[in-house]
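Coordinate-derived values only; no laboratory data. As the structure is a prediction and not an experimental result, all values here were calculated from the model. We place every Cβ from the backbone using ideal geometry, glycine too, and count neighbours over all the protein chains shown.
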Amino acid sequence: MNKTICLAFALIFLCSPSFAVEKSGTLEIARKIVELQGVREVLTQTNRQVDESIKVQAEQLYQQVVAANGGVEVAGAREVNDAFFASAAWHIPEDDFVARWAEAYSRRMTAQDLKAALAYYGSPAGQREVAATKLVSSDLTGWVLKETQTRMDKAVETYFKDMQALLAKSAKPLQ
């Protein structure tokens, strides 16, 4: 019995370093695939489109606030509005995103599958697929942002109407 336990522990200790090397190797392959897939470029493009959308939303919301104040701009209001939207802007650091993508990719695929994927993404067909994916990603991100903007516009409009109606009924100011 003791020999069996010792053998089991020996196998665990002997196999663990090779497993670590294998996982490290798959992570490195996944990193190369992620680079070939252009994940960083897609995220950069998405961040740029989100920034533009946030600028539009910020200006629209500011104009609604001014309109709700009888068309009068209050000193410092623009700065408060800009600060709010700057704090609301999300930017995932590209290095963090790419590292997490590669790690997740390496956990979900075998070393053999990763090697096959690497060969594919390095091929002319794989590169054409990556180029098409980048274009589609840009188109879809733009569409999602427009849809979000449309829905947000309606929600903000309803919000302001509801708040104005509530404030008109109440003698107490919001604090």
Test GLN164 against the stated conditions and say whether it is touching a residue at least 40 places away in the same chain (Cβ under 8 Å), exposed (fewer than 12 other Cβ atoms within 10 Å of the Cβ) and either touching a Cys at 6+ places or on another chain (Cβ under 6 Å) or more than 19 Å from ARG48 (Cβ to Cβ) (or both).
yes
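Could you list all residues from segment 118-150 that are polar (S, T, N, Q) and within 19 Å of SER53 (Cβ to Cβ)?
Correct list: SER137, SER138, THR141, THR148, GLN149, THR150.
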Which of the residues belonging to segment 47-82 are under 21 Å from GLN149 (Cβ atoms), hydrophobic (A, V, I, L, M, F, W, C) and within 27 Å of the chain's Cα centre (by Cα)?
VAL50, ILE54, VAL56, ALA58, LEU61
Quick check: is even one residue across segment 75-96 in contact with a Phe, Trp or Tyr (Cβ under 8 Å, 6 or more places away or on another chain) and under 23 Å from LEU43 (Cα atoms)?
no
Check off (1) of a type in the set (Ser, Thr, Tyr); (2) closer than 22 Å to VAL136 by Cα; (3) out of contact with any helix residue (DSSP H, G or I) (no Cβ under 9 Å at 6 or more places or on another chain) for SER53 and give me the number that stays unchecked.
(3)
